[in-house]
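Have a look at the structure below, then the notes.
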Amino acid sequence: MNTRRSIHPFEGQRWDVGVIGAGPAGLLSAIFAGRGGRSVVVVDRMAQAGRKLLATGGGRCNITNAADKAAMCAAFGEAARFVRPAMMAFGSGELLALLALLGVECAAEDGFHYFPRSGSARDVLDALLDECRTLNVEMVAGCRVTAIETDAGRVVAMDTDKGRVCVRAAVLAAGGRSYPALGSDGSGYALAEALGHGIVAPLPALAGLKVKERWLRALSGVAVADAVLSVAVPGAKSVRTRGELLFTHTGLSGPAALDASRTISRALLKSAHVEVGIDFAPGLTREAIESGLLAASAASGKRLVRTELARYVPASLARKLCALAGAREQERGRAPVGPQARTRSLEATRRQSSCQSPLSPETTLSALTVRARRSLLNALKECRVRVTGTDGFSGAMVTSGGVDRAEISPRTLESTRVKGLFFAGEVVDVDGPCGGYNLQWAFSSGRLAGLSAAENAGRSPDEV
């Protein structure tokens, strides 16, 4: 055990539970450990607590959502069984009740996503900090934990750059690597790894996608209300995400893209790019849209194809899809062929050009050939783009990867390697889709880790 002498401000003090990180998971750990009658100290490297919480939901803080507990767990995919004990004991209903008790009323204006009625994440943070003060939780800001000390296989202290903190149990809630400027610098991984824990390689998740095709960038700022992204990764189950899709100056964002970024980040470790399929109109089949185009042509053949397409997608995207489908038709027409086939192709092209206009944003419905219509439907329903990267950790909402779940008890969130060490929040290899799932995990895991740490700290050394 490290016997380094203690220095100010921890000289001569001892706490039952030490919490590393003052984000949502850390604050919930402190609150429930404090409610369990334990003395608690929270140490955070940032000068102000909860900076990342203040940034969630664009500053509005998407606390949770209306999914039932089973659906909430299922949303975490491979981690569903691991998160179940924490989520089932403290789901969205319990979280909303706690916040209401602390003076923060929340509402789901869209029927699913819950935000504070005030529209301010600051109200949530202030309520949690007020409860910590009520419970006499010691908050130490601007202090970095450099090591977790153990003796005979159990936690006894936390080494910091301001001295040695004696504790009987510790909760590691230091976050992942997303938004490092707000406190998640990945330092929690080093603390866990030093104690023998395996770390699943951290990668950006819920991050924007960088796309190779330049035509998307001209649509920067345009949003498609409902789209489906399909990602096929060799040797793995294909992934489909659905939701709003936003075009950016580098590629794609919005829930549909963000939810796909976890899979894409891992796939990019083995490939220079990942092909993604986009269905811009998932609510309608190809047949229904084709029937609509034919009916519109019969009613008014002079109507522009892009005008009719704008019934399904934004007008600027409709224009681009017409141009894209037209360009692909021209590429197909230029494909190298044998002499006889080339002669037949040229004759067919001359016959077509004499009575049909090429597919472009100015093509009318009456001039739309069968083949051009199919190309247009492909562009609308099966558009293919190449993703070459993500916005990285600086633009990621959460981290995929972290402390290996296999080395943590899901029932208590205690380490299976070190007694008295508990984990909560993003530092664990757990990440869900956007829409309140990850904050719910932070709160649920924080509560469970805090309760478990409080119980552990109350036992005699012979009992643990």
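Enumerate the pairs (first residue in the range 263-277 and surrounded by fewer than 16 Cβ atoms within 10 Å (Cβ to Cβ); second residue anywhere and of a type outside the set (Gly, Ala, Ser) and in a strand (DSSP E or B)) with beta-carbon separation below 7 Å, excluding pairs fewer than 6 apart on the same chain, so at least 6 apart or on different chains.
Close Cβ pairs satisfying both conditions: Ala272/Thr388; Glu275/Arg384; Glu275/Arg386.
Going through the range 79-89 one residue at a time, which ones are in contact (Cβ under 8 Å) with a residue 40 or more places away in the chain and surrounded by fewer than 23 Cβ atoms within 10 Å (Cβ to Cβ)?
Residues satisfying the conditions are Ala79, Arg81, Phe82, Arg84, Pro85, Ala89.
Of these, Leu258, Leu216, Leu206, which one is touching a residue at least 12 places away in the same chain (Cβ under 8 Å), more than 20 Å from the chain's Cα centre (by Cα) and open to solvent by less than 40 Å² (accessible area, probe 1.4 Å)?
Leu216
Name the pairs whose Cβ atoms lie under 6 Å apart, with the first residue in the range 189-202 and assigned to a strand (DSSP E or B), the second surrounded by fewer than 22 Cβ atoms within 10 Å (Cβ to Cβ), and 6 or more positions between them or separate chains?
Ile199/Glu193; Val200/Asp404
Within the range 447-464, restricting attention to residues that are modelled with pLDDT of 95 or more and open to solvent by 10 Å² or more (accessible area, probe 1.4 Å), which residue is farthest from the chain's Cα centre (by Cα)?
Restricting to residues being modelled with pLDDT of 95 or more and open to solvent by 10 Å² or more (accessible area, probe 1.4 Å), the top hit is Glu455.
Take Thr369 and decide whether it is β-branched (Val, Ile, Thr), more than 30 Å from Gly254 (Cβ to Cβ), modelled with pLDDT of 95 or more and surrounded by fewer than 19 Cβ atoms within 10 Å (Cβ to Cβ).
Considered against the rule, which asks whether it is β-branched (Val, Ile, Thr), more than 30 Å from Gly254 (Cβ to Cβ), modelled with pLDDT of 95 or more and surrounded by fewer than 19 Cβ atoms within 10 Å (Cβ to Cβ), Thr369 comes out as no.
Tell me, please, whether a residue that is surrounded by fewer than 20 Cβ atoms within 10 Å (Cβ to Cβ) and farther than 30 Å from Phe32 by Cα can be found in the range 152-162.
So far as the range 152-162 goes, no, none of its residues is surrounded by fewer than 20 Cβ atoms within 10 Å (Cβ to Cβ) and farther than 30 Å from Phe32 by Cα.
Given the residues Ala325, Ala310, Ala296, which is the only one that is within 14 Å of Ser375 (Cα to Cα), at pLDDT 55 or above and touching a helix residue (DSSP H, G or I) at 6+ places or on another chain (Cβ under 7 Å)?
One residue alone meets the criteria, Ala325.
Which of (1) closer than 26 Å to Pro204 by Cβ; (2) touching a Gly at 6+ places or on another chain (Cβ under 8 Å) is the odd one out, the single condition Ala449 does not satisfy?
Just one mismatch for Ala449, condition (2).
Taking the range 184-201 as the search range and keeping residues that are open to solvent by less than 30 Å² (accessible area, probe 1.4 Å) and closer than 23 Å to Leu258 by Cα, which one is modelled with the highest pLDDT?
Filtering the range 184-201 for residues that are open to solvent by less than 30 Å² (accessible area, probe 1.4 Å) and closer than 23 Å to Leu258 by Cα, the one modelled with the highest pLDDT comes out as Gly186.
Out of the residues in the range 278-293 that are without any contact (Cβ under 8 Å) to a residue 60 or more places away in the chain and outside any loop (DSSP other than H, G, I, E, B), state the one that is least open to solvent (accessible area, probe 1.4 Å).
Step by step, filter the range 278-293, then rank; the result is Gly292.
So which of Val104, Val124 is outside any loop (DSSP other than H, G, I, E, B), at pLDDT 95 or above and open to solvent by less than 20 Å² (accessible area, probe 1.4 Å)?
After ruling out the rest, the residue left standing is Val124.
Can you tell me which residue in the range 203-245 is modelled with the lowest pLDDT, limited to those that are in a loop (DSSP other than H, G, I, E, B) and β-branched (Val, Ile, Thr)?
Val233
Applying the selection to the range 387-427, what residues are farther than 25 Å from Val167 by Cα, open to solvent by 10 Å² or more (accessible area, probe 1.4 Å) and assigned to a loop (DSSP other than H, G, I, E, B)?
Asp391, Gly392, Met397
Which one is modelled with the lowest pLDDT among residues in the range 36-80 that are out of contact with any helix residue (DSSP H, G or I) (no Cβ under 8 Å at 6 or more places or on another chain) and either of a type in the set (Phe, Trp, Tyr) or assigned to a helix (DSSP H, G or I) (or both)?
Gly58
The values are calculated or read from the model by the stated rules, or taken from the named source; none is laboratory data. No experiment lies behind these values; they were computed from the predicted model shown. Every residue, glycine as well, gets a Cβ built from its backbone with ideal geometry; the counts of neighbours run over all protein chains shown. For accessibility, only protein heavy atoms count, side chains too; no ligands or nucleic acids. Shrake-Rupley method; radii C 1.70, N 1.55, O 1.52, S 1.80 Å.
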